[in-house]
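Asker: Once you've had a glance at the structure underneath, I'll fire off some questions.
What follows draws every value from the coordinates through simple rules; no lab data is involved. None of the values given here were measured: they were computed from a predicted structure. A quick note on method: Cβ atoms are made from the backbone with ideal geometry, for glycine too, and the neighbour counts reach across all protein chains shown.
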Amino acid sequence: MKKPAIFGKAILSLAVLALSFGMTSCKNEPKTEDPKEVAEEENEAKFDDTKKAEEDAEILVDAAEFDLQQRELGKLAQTKGVSTAVKDLGKMMEKHHNDSFNELETLAKGKQISIPSAITEDGQKEYDRLNKVDAKNFDKEYLDRIYKDHHEAIEDFTQDGQKTQDVEIKAYLEGKVIALKDHHDAIQQLQSTTVKK
């Protein structure tokens, strides 16, 4: 009679041990969070009681997301671009968006706003998609993508500049709209001269 009870307890003990080992191994796997989500959560906690400050934080988080993605896509264009013009544009995009991000980072720190410091999940997905494009189609795909991104950013930055009451954020956005329009025009010119549609 005692043997089945001891045997049952031994099996139960092994099951508990296996379950606890399995739970421990799951806890050791680091879960990476999207840098944009982390920044947004930090800002919500900081500015929970002031709607305007939270809106300003969201504006800067979105601007950082844009700069980080354009910087990384610019690096990709330098390695995967076929034409020298696209490689040169990628180099210019990397530099300008890196400089823009550094300026934005200083502005955000002064306002105690958290922004992403690495490319976001959505940005990485687009980077990965473009990285898989055949070399012969890369220039067109890259130019089409950044043309669309810059067009949307001009609209967003213009609207955000009108919406914010913060003088420094407004000045930052207005300055960036001018630079983005220059990028937009350069991309459009390159599309019409180097890539057959």
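Asker: Looking only at region 148-160, decide whether some residue is more than 16 Å from HIS97 (Cβ to Cβ) and of a type in the set (A, V, I, L, M, F, W, C).
Answerer: no
Asker: Now, a different point. For region 96-118, check the following and say yes or no: at least one residue is over 15 Å from the mean Cα position of the chain (by Cα) and surrounded by 21 or more Cβ atoms within 10 Å (Cβ to Cβ).
Answerer: Looking through region 96-118, at least one residue is over 15 Å from the mean Cα position of the chain (by Cα) and surrounded by 21 or more Cβ atoms within 10 Å (Cβ to Cβ).
Asker: List every residue pair whose Cβ atoms lie under 8 Å apart, where the two residues are 6 or more positions apart in sequence or sit on different chains, the first residue falls within region 68-83 and is at positive phi and free of Cβ contacts under 8 Å to residues at least 12 places away in the same chain, and the second residue, located anywhere, is among the β-branched types (Val, Ile, Thr) and part of a helix (DSSP H, G or I).
Answerer: none
Asker: Can ALA64 be described as crowded, with 17+ Cβ neighbours inside 10 Å and either closer than 30 Å to THR193 by Cα or not basic (Lys, Arg) (or both)?
Answerer: Criteria met by ALA64.
Asker: In region 115-152, how many are in contact with a Pro (Cβ under 7 Å, 6 or more places away or on another chain) and either part of a helix (DSSP H, G or I) or of a type in the set (A, V, I, L, M) (or both)?
Answerer: Within region 115-152, residues that are in contact with a Pro (Cβ under 7 Å, 6 or more places away or on another chain) and either part of a helix (DSSP H, G or I) or of a type in the set (A, V, I, L, M) (or both) number 1.
Asker: Quickly run through region 155-165 and pick out the residues that are buried (at least 18 other Cβ atoms within 10 Å of the Cβ) and not polar (S, T, N, Q).
Answerer: In the first step, residues of region 155-165 are kept if they are buried (at least 18 other Cβ atoms within 10 Å of the Cβ); the result is 157, 160-161, 164.
PHE157, ASP160, GLY161, listed by residue number.
Asker: I'd like the full set of residues that are polar (S, T, N, Q) and either in a helix (DSSP H, G or I) or under 16 Å from TYR172 (Cβ atoms) (or both), limited to region 76-106.
Answerer: Listed by number, the residues that qualify are GLN78, THR79, THR84, ASN98, SER100, ASN102, THR106.
Asker: Go through (1) without any contact (Cβ under 8 Å) to a residue 24 or more places away in the chain; (2) buried (at least 18 other Cβ atoms within 10 Å of the Cβ) and name the single condition LYS91 misses.
Answerer: Exception for LYS91: condition (2).
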